[in-house]
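Q: Below are the structure tokens for one structure; questions will follow.
The values are calculated or read from the model by the stated rules, or taken from the named source; none is laboratory data. Small disclaimer: the values here were computed from a predicted structure and weren't measured. Cβ atoms come from the backbone with ideal geometry, glycine included; neighbour counts cover every protein chain shown.
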Amino acid sequence: MVLKKTKNLPARYQDLKDQELVHLYRKKEDQLAFQELLNRHQTKIYSYIFSMVRNEEVANDIFQDTFTKVITKMDETYDEQGKWIAWVMRIAHNATIDHIRKQKRFVDVSGATDDDSKDDFYDRLEDESAIDQQTQLEMDESASELMKYIAELPEEQRTVIMLRHYYEMPFKEIAELTNVSINTALGRMRYALINLRKMFEENHTTQTKSV
């Protein structure tokens, strides 16, 4: 991990909402307010980046690049009416995808079709509530085992799983962040859950046979 949480910040900072901390940092250049924001969110942001690139050194570089952009762009592009963490995640996501594409490791989702096609598979998916129930079943597995399997998913499937699981983002926001339709975001979740379930079942079968 690149940064460590700063201990012993004044208690009043811990009681403030994100938007209040952002306001203190932007209007009064309060560095402790920004540090509290980091303390709250850096682990999840780093975990998301690392889950995508699976390389600690690269993840550290992207994480540093993300927060360099956050600091330099907060006065220019951040709208305090929105969620600060969603804005930061968009920067982290874009930086991560830029790296992956530069490394020519971009992988298409198996079975995906054109978003505008009337025969698109995603148009026949169940609604979001059904996907949420499936997600909850998968998330009951141990965190370490789950992360191991998530790392084996194609990039787009890893993205939607991490955003949904770690940040509990609604599919509408995931779709906007990844620049796809809601149906496509739902479809990627569906493929990810199918693949994760197969991995869990195959692992369980292997363990059973070895006993």
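Q: Filter segment 122-170 down to the residues that are surrounded by fewer than 17 Cβ atoms within 10 Å (Cβ to Cβ) and of a type in the set (Lys, Arg), then identify the one that is modelled with the lowest pLDDT.
A: ARG124
Q: Follow-up question, since we're still on this one. In segment 11-31, which residue that is surrounded by 15 or more Cβ atoms within 10 Å (Cβ to Cβ) and among the aliphatic types (A, V, I, L, M) is nearest to ASP79 (Cα to Cα)?
A: Among residues in segment 11-31 that are surrounded by 15 or more Cβ atoms within 10 Å (Cβ to Cβ) and among the aliphatic types (A, V, I, L, M), the one nearest to ASP79 (Cα to Cα) is VAL22.
Q: Of the conditions (1) closer than 26 Å to LYS198 by Cβ; (2) more than 20 Å from the chain's Cα centre (by Cα); (3) modelled with pLDDT of 90 or more, GLN31 clears all except one; give me its number.
A: The single condition GLN31 does not satisfy is (1).
Q: Where residues in segment 8-22 are hydrophobic (A, V, I, L, M, F, W, C) and outside any helix (DSSP H, G or I), which of them is farthest from the chain's Cα centre (by Cα)? Explain how you work it out, then say what you get.
A: As a first pass, look at segment 8-22 and keep what is hydrophobic (A, V, I, L, M, F, W, C): 9, 11, 16, 21-22.
In the following step, the residues that additionally are outside any helix (DSSP H, G or I) were identified as 9, 16.
Details: LEU9: 27, LEU16: 24 Å.
The selected residue is LEU9.
Q: Read through the list (1) in a helix (DSSP H, G or I); (2) within 25 Å of ASN179 (Cα to Cα), then give the number of the only condition that ASP75 fails.
A: (1)
Q: Answer with yes or no whether ALA185 is more than 21 Å from PHE50 (Cβ to Cβ) and either outside any helix (DSSP H, G or I) or modelled with pLDDT of 85 or more (or both). Steps first, please.
A: On the way: more than 21 Å from PHE50 (Cβ to Cβ): yes; either outside any helix (DSSP H, G or I) or modelled with pLDDT of 85 or more (or both): yes.
In short, yes.
Q: Then there's this: Is it fair to say TYR25 is closer than 30 Å to LYS148 by Cα and part of a helix (DSSP H, G or I)?
A: On the way: closer than 30 Å to LYS148 by Cα: no; part of a helix (DSSP H, G or I): yes.
In short, no.
Q: When you scan segment 32-73, how many residues do you find that are more than 16 Å from TRP84 (Cα to Cα) and not aromatic (Phe, Trp, Tyr)?
A: Looking only at that region, the number is 17.
Q: So how many residues does segment 171-190 have that are of a type in the set (Ser, Thr, Tyr) and either buried (at least 22 other Cβ atoms within 10 Å of the Cβ) or under 14 Å from the mean Cα position of the chain (by Cα) (or both)? Break it down into steps so the answer makes sense when it comes.
A: From segment 171-190, those of a type in the set (Ser, Thr, Tyr) are 178, 181, 184; that's our starting set.
Retained after the next criterion (residues that are either buried (at least 22 other Cβ atoms within 10 Å of the Cβ) or under 14 Å from the mean Cα position of the chain (by Cα) (or both)): 178, 184.
Of the residues in segment 171-190, 2 are of a type in the set (Ser, Thr, Tyr) and either buried (at least 22 other Cβ atoms within 10 Å of the Cβ) or under 14 Å from the mean Cα position of the chain (by Cα) (or both).
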